[in-house]
1. Where in the range 33-144 are the helices (runs of 4 or more DSSP H), entirely inside, with at least 2 residues that are more than 15 Å from the chain's Cα centre (by Cα) and more than 17 Å from PHE184 (Cα to Cα)?
2. Given the conditions (1) touching a residue at least 24 places away in the same chain (Cβ under 8 Å); (2) at positive phi, report the number of the one that GLY91 does not fulfil.
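The values are calculated or read from the model by the stated rules, or taken from the named source; none is laboratory data. Computed from a prediction, not measured in an experiment: that's the story for all the values here. Note that each Cβ is placed from the backbone with ideal geometry, even for glycine, and that neighbours are counted across all protein chains shown.
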Amino acid sequence: MGRLRIIAGEMKGRRIEVVDEDGLRPTADRVREALFSILGERVDGASVLDVYAGTGALGFEALSRGSRHVVFVERALPVVRGLERSRASLGCLDRSRVLHGDPVNLVSRGLLAGPFDLILADPPYGGDERVGFLAAVSGHGLLAEAGLLVLESESRKSPQDGQKYPNLTHIRRAKYGRSALDFFEPVVSG
């Protein structure tokens, strides 16, 4: 078991637990720093969904930088327990909660109370989970009208792999070595 540090904000320098779990790949410090630099003021007061949360580094960083509330979603029970311990040690139980389950299933069944101002998703590399997750979000109005979805994936993968998401527009891609961040906004009708 290791630790990650929070980069900035009220919890700067505090540590997050990293559970020893197969497939757990915490977002690198430089990618987190770049992401939150791009997000800027959007984080302040935001309702955030951290999906495929893993260590919770993205959600805890958002809380540290002024987000109103974060919902963490993770399917591996040992990782969920680690998230709960980190929430308690960081003193943010009242501003966050953890849900255990498959993110696509939870979205598809309408079990996530949105809409969210910011959705941060870091699905496992190598699979097609990001495609299913984007389709689920696109079809279920989980993103607020002025919201933003950020999806981390392998930089060699295209942002959409030929898929069309009728309620999401891809607006930006930023590459950082093996990782890429893709930014999506909701399509607003009317």
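1. On the way: elements: 57-64, 77-90, 103-108, 129-140.
Correct list: 77-90, 103-108.
2. (1)
The rows are residues; the columns are (1) out of contact with any strand residue (DSSP E or B) (no Cβ under 6 Å at 6 or more places or on another chain); (2) at pLDDT below 90; (3) over 20 Å from TYR176 (Cβ atoms); (4) crowded, with 24+ Cβ neighbours inside 10 Å.
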| site | (1), (2), (3), (4) |
| --- | --- |
| PRO26 | no, yes, no, no |
| PHE36 | yes, no, no, no |
| ALA57 | no, no, no, yes |
| LEU63 | no, no, yes, yes |
| VAL73 | no, no, yes, yes |
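Okay, residues lined up against (1) closer than 21 Å to GLU152 by Cα; (2) β-branched (Val, Ile, Thr); (3) touching a Ser or Thr at 6+ places or on another chain (Cβ under 7 Å):
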site	(1), (2), (3)
MET11	no, no, yes
LEU58	yes, no, yes
GLU74	yes, no, no
SER86	no, no, no
ASP94	no, no, no
ASP102	yes, no, no
ASN105	yes, no, no
